[in-house]
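Report on the following structure.
The values are calculated or read from the model by the stated rules, or taken from the named source; none is laboratory data. This structure is a prediction, so every number in the text was calculated from the model and none was measured. Neighbour counts run over all protein chains shown; Cβ positions are idealised from the backbone, glycine included.
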């Protein structure tokens with residue numbers, strides 16, 4: 001209880017210093033994390049950030065753009081925050097990774113034709129692989145010149161490319177891939193081979209006026225976790241996605 005009181009007092013002091021700020025957050029459509037619809041922007045990552053913004057008394061303006069474009073906006077300072085990027089040396093040049101706010105998630109390989117089932121990394125070498133433009137998955141994959149990559153601006157596009165046999169395989173984070181298949185009505189299977197995920201971050205542009213406020217964000221995040229708000233949000237989205245269907249994986253082979 002004492003810890004909760006200290007956290008609340010710290011968040012109050014910080015929010016008084018930053019009250020009234022309007023922060024610009026770059027988002028792409030990647031449900032269930034970032035959902036862009038006619039009614040506005042939602043999703044697990046968005047709701048977590050909204051909880052942080054509420055504690056800091058920030059107004060949030062969402063800038064909608066493809067993933068790769070958001071990276072450029074972070075580099076130029078045209079947006080302040082990005083929700084969910086993986087940490088890479090290239091990106092650290094222009095963004096500061098403030099807090100590892102989001103849990104690791106496996107990278108799955110989705111396929112339709114039996115011959116495109118991925119059992120090991122080497123099975124990818126002769127496949128046309130759908131990837132999200134600008135995204136990073138894991139270093140061996142990202143830097144392998146032997147792979148045939150076909151980029152799309154949204155996972156919906158990639159799953160449609162898979163359905164029409166424009167690509168053989170789509171790599172996607174687990175929940176995003178399963179959610180997108182269900183939403184788009186695309187029938188696909190999940191390969192046994194997968195890659196363990198890394199934690200995703202809330203990042204701030206190094207050109208943003210909010211760069212010095214990393215401690216405030218971490219303080220707000222600690223309060224959200226201490227009051228179990230974070231856990232409730234995560235559970236809600238996990239339950240929502242699990243109701244949409246589980247992957248038909250009978251054996252698991254991870255990258256070593």
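Considering (1) surrounded by fewer than 22 Cβ atoms within 10 Å (Cβ to Cβ); (2) at pLDDT 95 or above, say which one residue 205 fails and leave the rest.
All conditions are met except number (1).
Inspect all residues belonging to the stretch 142-152 and state whether any of them is within 27 Å of residue 73 (Cβ to Cβ) and part of a helix (DSSP H, G or I).
So far as the stretch 142-152 goes, yes, one or more of its residues are within 27 Å of residue 73 (Cβ to Cβ) and part of a helix (DSSP H, G or I).
Residues in the stretch 174-230 that are closer than 29 Å to residue 161 by Cβ and not in a helix (DSSP H, G or I): how many?
Total satisfying the criteria: 18.
Report the residue count in the stretch 142-166 for those that are in contact (Cβ under 8 Å) with a residue 40 or more places away in the chain and either out of contact with any helix residue (DSSP H, G or I) (no Cβ under 8 Å at 6 or more places or on another chain) or farther than 23 Å from residue 196 by Cβ (or both).
6
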